[in-house]
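S.K.: Have a look at this one.
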Amino acid sequence: MQSKPENLYEYAVVRFVPKVEREEFINVGLIMMCKRRRWIRTAIVADFARVKAFAPALAISENMLRKHLDAFESMASGHVSAGEMSCWPVEERFRWLTAVRSACIQTSRPHPGMSADLDADFDRLFAELVL
């Protein structure tokens, strides 16, 4: 029986940074991309109670945080609400979303991996790094 071919992928952890100057963060999601397969997937967990426990003096509302995270997901998935970015190839969306920035939604540096089952590896990484 022949095994599935391995696919090179990159992933980054999506982080909420309540006060950028302090450089403290809480993991709230994962973005993963495979250029060869033109595949990208993201998942976000916006547990506001957990975020408030991490940053009790939080100056952003739950609704505003959800809007920021929804926008990130829309851009990653190429949803039409992302505007012009929705037409970009997956690798360009991934690069733009994982670029270093000073904002309340940031990502870790991208990390590479090899996978025969991208969805299974995404689920595993999401459980390990976010949940």
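S.K.: Between the DSSP loop rule and a limit of at most 16 other Cβ atoms within 10 Å, which trypsin sites (Lys or Arg not before Pro) in the range 57-112 are left?
M.R.: 101
S.K.: Also, I was wondering about something else. At 1.4 Å probe size, with the rest of the protein present, what percent of the exposed accessible area of the chain is carbon and sulfur atoms?
M.R.: Of all accessible area on the chain, carbon and sulfur atoms account for 53 percent.
S.K.: Let me confirm the definition first: pairs of Lys residues in the chain, 8 or more apart or on different chains, C-alpha distance under 24 Å. How many are there?
M.R.: Number of lysine pairs found: 4.
S.K.: Provide the per residue accessible area, probe 1.4 Å, for the chain, rounded to a whole number of square angstrom.
M.R.: That works out to 60 Å² per residue.
S.K.: Enumerate the calculated ³J(HN,Hα) couplings along the range 62-71 in order (Karplus 6.51 cos²θ - 1.76 cosθ + 1.60, θ = phi - 60°), each rounded to whole Hz, writing x wherever the residue is Gly or Pro.
M.R.: Couplings: 4, 4, 5, 4, 4, 4, 4, 5, 4, 4 Hz.
S.K.: Order 79, 68 by their accessible area, 1.4 angstrom probe, all chains in place, largest first.
M.R.: Sorted by accessible area, descending: 79, 68.
S.K.: Something else: Quick one: if you take sqrt(5λ) for each eigenvalue of the C-alpha gyration tensor of the chain, what semi-axes come out, biggest first, whole angstrom?
M.R.: Sorted largest first and rounded, they come to 27, 17, 12 Å.
S.K.: So how much accessible area does residue 42 have, in Å² to the nearest 10, using a 1.4 Å probe?
M.R.: Surface open to solvent at residue 42 totals about 30 Å².
S.K.: Also, quick follow-up: Report residue 88's accessible area, 1.4 Å probe, all protein chains in place, as a number in Å² to the nearest 10.
M.R.: For residue 88, solvent-accessible area is about 80 Å².
S.K.: Which distance in nm do the two modelled labels at residue 49 and residue 91 give, with both placed 7 Å along the Cα-to-Cβ direction?
M.R.: Between residue 49 and residue 91, the simple spin-label model gives 4.3 nm.
S.K.: Right, something else. What list of ³J(HN,Hα) values in whole Hz, one per residue of the range 25-33 in order, does the Karplus curve 6.51 cos²θ - 1.76 cosθ + 1.60 (θ = phi - 60°) give from phi, with Gly and Pro shown as x?
M.R.: These are the phi-based 3J(HN,Hα) values: 8, 10, 6, 10, x, 9, 10, 9, 9 Hz.
S.K.: OK, next. Going by accessible area, probe 1.4 Å, with all protein chains left in place, what is the ranking of 94, 48, largest first?
M.R.: 48, 94
The values are calculated or read from the model by the stated rules, or taken from the named source; none is laboratory data. This one's a predicted model, so the numbers in the text were calculated from it and none came from an experiment. Neighbour counts run over all protein chains shown; Cβ positions are idealised from the backbone, glycine included. Just the protein is used for accessible areas: all its heavy atoms, side chains included, with ligands, DNA and RNA removed. Shrake-Rupley method; radii C 1.70, N 1.55, O 1.52, S 1.80 Å.
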